[in-house]
1. From the residues in region 164-180 that are buried (at least 24 other Cβ atoms within 10 Å of the Cβ) and among the aliphatic types (A, V, I, L, M), which one is nearest to Y254 (Cα to Cα)?
2. Name the residues in region 1-60 that are surrounded by fewer than 24 Cβ atoms within 10 Å (Cβ to Cβ), among the acidic types (D, E) and near the ligand (Cβ under 10 Å from one of its atoms), would you?
3. Identify, from the list V8, V61, V32, the residue that is under 15 Å from the mean Cα position of the chain (by Cα), touching a residue at least 24 places away in the same chain (Cβ under 8 Å), assigned to a strand (DSSP E or B) and within 18 Å of P124 (Cα to Cα).
4. Go through region 111-132 residue by residue and tally those that are assigned to a helix (DSSP H, G or I) and in contact with a helix residue (DSSP H, G or I) (Cβ under 8 Å, 6 or more places away or on another chain).
5. Name, by its number, the condition in (1) more than 17 Å from E247 (Cα to Cα); (2) within 15 Å of the chain's Cα centre (by Cα) that does not hold for I137.
6. List, please: which pairs have Cβ atoms under 8 Å, are six or more places apart or on different chains, and start with a residue in region 76-102 that is in a helix (DSSP H, G or I) and end with one that is of a type outside the set (K, R)?
7. Looking at (1) free of Cβ contacts under 8 Å to residues at least 60 places away in the same chain; (2) of a type outside the set (V, I, T); (3) in contact with a Leu (Cβ under 9 Å, 6 or more places away or on another chain); (4) in a helix (DSSP H, G or I), can you tell me which one A70 breaks?
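Please treat every number below as a calculation from the coordinates, not as lab data. This structure is a prediction, so every number in the text was calculated from the model and none was measured. All Cβ positions, even for glycine, are placed from backbone atoms using ideal geometry, and neighbour counts span all protein chains on display.
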Amino acid sequence: MGERVALVTGAGSGIGRAAALRLAEEGARVLVTDLNEAAASEVAGEISKRGGQSSACKLDVTSESDWQSAVQHALSKWGCLHVLAACAGISFTKPIAETSLDEWRNVLGINLDGVFLGLKHAIPALRDSGGGSIVVISSASGIKAAAGASAYSASKAALRLLVKTAALECAPHHIRVNAILPGGVETPMWRTMPFFQELVVKLGSEEAAWKTLSAGTPLARLAKPEEIADAILFLASEASSFMTGAELVIDGGYTA
Ligand code: NAD
């Protein structure tokens, strides 16, 4: 990675946190961003403790002014921006007939509009920095439907074509744009889901609940966030220099 500058969204937890730590470990200067400013600061502190270079700021991906400030933050601090890792996202499960329009819009607003705004504001900065790489976290739920996951699946499926469109638009500027489609990953995101909370109570631990959830996964487990972070590092780095508009499915065989 050299001293490339990377902006990671949703970096206060789960996949984004693991990505920020991994990119920094490889020498990148990382702007750790999250809606939860304290969590972002904690991760930036962890990077410093491990000898890496980082900064932190609040970035609500649904806010265009937050995006402008965050990109400016990276440019003011380091003078360039080479990588955007769009990890922020929320889960939501409810049958369509019971989902309010506000709930639908909230999921699409964060998971889809949030990435659109990121592309809109990061692309010019990456272009002016001589090019770079954008990695967007979609989901295996953007391939395979599940009852109750309409808004989430719609948001993640839409990201796949948004990424491919961005790849075509960005290719002349030496910016690559790729998507990662994880299956289940052991992150705090699951704690927001009522059915997971019930499963934890019933089985006595998160480990047991994750084990049950992995029943449909051939590798018989969920991923660790670090396994997704390794793929983010690969797509962010020159190791993937001829990949753009591509999708990496990392799901233990779930969609095979
Ligand atoms: P997580 O809940 O651990 O982390 C998500 C982070 O995003 C949190 O720190 C949260 O504060 C932040 N966030 C939420 N709303 C935000 C907003 N409006 N602006 C900025 N930040 C915001 O979840 P995770 O599992 O690490 O999820 C990361 C990404 O991976 C998401 O896009 C998710 O859809 C995707 N994903 C997760 C799984 C899984 O099983 N965990 C599977 C496939 C895809």
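1. Here the answer is I180.
2. Within region 1-60, E37, D60 qualify.
3. On the way: V61 fails: assigned to a strand (DSSP E or B); V32 fails: within 18 Å of P124 (Cα to Cα).
Answer to the check: V8.
4. At the first step, the residues of region 111-132 found to be assigned to a helix (DSSP H, G or I) are 111-128.
Going one step further and asking which of them are in contact with a helix residue (DSSP H, G or I) (Cβ under 8 Å, 6 or more places away or on another chain), we end up with 111-112, 115-123, 125-127.
Of the residues in that region, 14 qualify.
5. (1)
6. Close Cβ pairs (under 8 Å, with a partner that is of a type outside the set (K, R)) amount to K77/L31; K77/S55; W78/V5; I96/S150.
7. It is condition (1) that A70 fails.
A quick yes/no check of all residues on (1) more than 14 Å from the ligand (Cβ to nearest atom); (2) basic (K, R); (3) part of a helix (DSSP H, G or I):
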| site | (1), (2), (3) |
| --- | --- |
| A157 | no, no, yes |
| E169 | yes, no, yes |
| P172 | yes, no, yes |
| M189 | no, no, yes |
| K202 | yes, yes, yes |
| P218 | yes, no, no |
| R221 | no, yes, no |
| D230 | yes, no, yes |
| T244 | yes, no, no |
